[in-house]
Ligand code: ADP
Ligand code: MG
């Protein structure tokens, strides 16, 4: 049989309902898509004017207006951007999945700034039909002698295109809201939707509510309020770190996360190579247990919000922080909250992780005191990071601090060096300051030192250090009788043996464990007359069995 080749065809009346219903997971996406298009329309005009292909009046203030009319059940999006001719409507609007943004970039390949154009797939506009029964476009192109045009579609596969009457350059898109979208006919809902996606968009966005009663002062006089944009057109993270003040960082944190506790410190990421990435990561101050930390990393693509906590892009341990990351190079798919899974995304994630490791290591080296003050709050993140990410560990391995019995913060090397003539490569630790208070006193009496490792993450952390640092072992303060605590002269071997046997008999009886092994050492201590210790190994084994629900 010979091979037959051809083009597949699509029946628009069948595919259209699918696009409307399934393409986007969230209804509220329409606001993002229409405002993105308005923003693109302005960006394109500005870029054309820079290429001398369009003229803009000097006094032009570019802005995007959203008007809500609850009575008429409409939401209107308008811009004073590039506008469309009827030919362009046919090309860009009528052809579903033909992107005018891509077309623009292709046409002005070398001259336009790709990062600022948001559109990509040629499908965003159709998200308006998720909430609207009829959509109407009134537009006037920037081109000389352009005729205004009106386009109308009721969500079927037919459209109407006619001569319009718009007199100023730009586009106005009116959605006649359907039952599916009626929740957006509410000022609060609409405002929060716009703020969710568009808080950092590059042109001012204003929301007006038709027929809204103006606010009045106590005497009943109307208060004339300056309209305020819903967004910040240059969010702090787009600025260069050298231009930002501590106050601005704190303010940005407060307004972005509505968190009124001050962050501990922050890391400002800013790079153009090998990919574009900007953002600020904040380390929160912990005043509660680790488990209750709720991180939030907001991901943006050219100042448009994509989603929170995308685990492909943000390394897992950093999801416990609060921050914003903007990466215009993200390989997003149509619905944008989904990323095309590829090596590039992993590279971004590795880069973020590396940057954070470098920054904290730098802080340790240049400002050890500040670093120490932060340590209690940031150590869970850094330990978690080390556990999760080998490369991260390699960068930070020598900056892990340990708080000792004198409340000093020492590194592993510092601790081991100080203890070198007493015990080699052994790190004594306290896992519960109250419960082990007697042992702490005993250690202090004998001029021995231990470190506090009492956090939930510490047992995993210690195992990791043991596996990475040859010879180093962690021993709980009550697990071994240190040789410095043993009184060598008071008992001879014979006496020791006898006493051990007696004690062993007693313990076997009391505990009902036949194979109990005991060792007896006389102790020199004024504060304790006797102590029972369980070897570090046996205790860890027991802890593990308990964890897996076995009886030890
Ligand atoms: P995309 O933005 O991915 O190109 P959309 O479906 O969102 O696709 O929009 C299709 C095209 O319609 C845009 O690329 C643009 O050419 C045109 N368009 C949409 N909205 C506007 C607008 N407000 N002003 C000018 N052109 C617009
Ligand atoms: Mg678009």
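Normalised by the residues of the chain, what does the relative contact order come to in percent, with Cα pairs under 8 Å and at least six apart?
Values: 844 pairs, mean separation 48.0, N = 552.
Dividing the mean separation by the residue count of the chain yields 9 percent.
Using helices alone, what [θ] at 222 nm do you get for the chain, with -39,500 (n - 2.57) per DSSP H run of 4 or more residues, divided over all residues and rounded to the nearest 500?
That comes out to -10000 deg cm²/dmol.
Calculate how steeply helix 187-198 sits against the longest principal axis of the alpha-carbon atoms of the chain, using the helix alpha-carbon long axis, and give the answer as 0 to 90 degrees to the nearest 10.
70
Just need the relative contact order of the range 145-223 here, percent rounded to a whole number, with Cα pairs under 8 Å and 6+ apart.
Relative contact order of the range 145-223: 15 percent.
Full extension from residue 519 to residue 435: what is 0.36 nm times the residue separation minus their Cα-Cα distance, to one decimal in nm?
Gain in length upon complete extension: 27.9 nm.
For the range 47-88, rounded, prolate or oblate, judged on the Cα gyration tensor with a ≥ b ≥ c (square roots of eigenvalues), a/c < 1.5 rounded, else prolate if a/b > b/c?
In terms of gyration-tensor shape, oblate.
Report the extension gain between residue 535 and residue 334 in nm, rounded to one decimal, defined as 0.36 nm multiplied by the number of residues separating them, less their alpha carbon distance.
Full-extension gain reported as 66.5 nm.
What is the distance in Å between the Cα centroid of the range 316-376 and that of the range 8-61?
Here the answer is 31 Å between Cα centres.
Quickly work out the residue 15-to-residue 494 label distance, labels modelled 7 Å from Cα along the C-beta direction, and quote it in nm with one decimal.
10.0
To the nearest 10 degrees, how steep is helix 458-468 against the longest Cα principal axis of the chain, on a 0 to 90 scale?
Approximately 80 degrees, to the nearest 10.
Using the beta-carbon distance between residue 251 and residue 367 and R0 = 25 Å, what value does 1/(1 + (r/R0)^6) give for FRET efficiency, to the nearest 0.05?
Computed FRET efficiency for residue 251 and residue 367: 0.65.
How far is it, in nm, from the label point at residue 275 to the one at residue 394 when both lie 7 Å from their Cα along the line to the Cβ?
Once both label points are built, they end up 2.1 nm from each other.
Shape verdict for the range 143-197, please, from the Cα gyration tensor: rounded (a/c under 1.5), prolate (a/b greater than b/c) or oblate.
Oblate.
State the extension gain, in nm to one decimal, for the chain segment bounded by residue 463 and residue 114, taking 0.36 nm per residue of separation less the distance between their alpha-carbons. Before the final figure, lay out each step's value.
On the way: separation 349, 0.36 × 349 = 125.64 nm, distance 4.81 nm.
The span from residue 463 to residue 114 would gain 120.8 nm if fully extended.
Sort 139, 157, 234 by Cβ crowding within 10 Å, fewest neighbours at the top. Don't skip to the end; give the middle numbers.
Details: 139 28, 157 14, 234 10.
Ordered from fewest to most neighbouring Cβ atoms within 10 Å, 139, 157, 234 come out as 234, 157, 139.
Measure nothing fancy, just the Cα-based angle from helix 246-257's long axis to the longest principal axis of the chain, in degrees from 0 to 90, nearest 10.
70
Could you line up 244, 327 from fewest to most neighbouring Cβ atoms inside 10 Å?
Values: 244 16, 327 24.
The fewest-first ordering by Cβ neighbours comes to 244, 327.
Can you put 540, 32 in order, fewest other beta carbons within 10 Å first? List each step's numbers first, then the result.
Details: 540 17, 32 24.
Listing 540, 32 from fewest to most nearby Cβ atoms yields 540, 32.
Given q = 0.06, 0.10 Å⁻¹, what are the Debye log10 I(q)/I(0) values for the chain, with equal point scatterers placed on the Cα positions and solvent ignored?
So the normalised log intensities are -0.48, -0.91.
Given an 8 Å cut-off on Cα distances and at least 6 residues of separation, report the relative contact order of the range 305-364 as a percent.
The normalised contact order for the range 305-364 reaches 40 percent.
Can you tell me how the range 1-53 classifies by the Cα gyration tensor, rounded, prolate or oblate, using a/c under 1.5 as the rounded cut?
On the way: a/c = 4.60, a/b = 1.53, b/c = 3.00.
Oblate is the answer for the range 1-53, as a/c is 1.5 or above yet b/c matches or exceeds a/b.
Every number here is computed from the coordinates shown, using simple stated rules; none is lab data. Keep in mind the model is a prediction, meaning the values are calculated, not measured. Backbone-built Cβ (ideal geometry, glycine too); neighbour counts: all protein chains shown.
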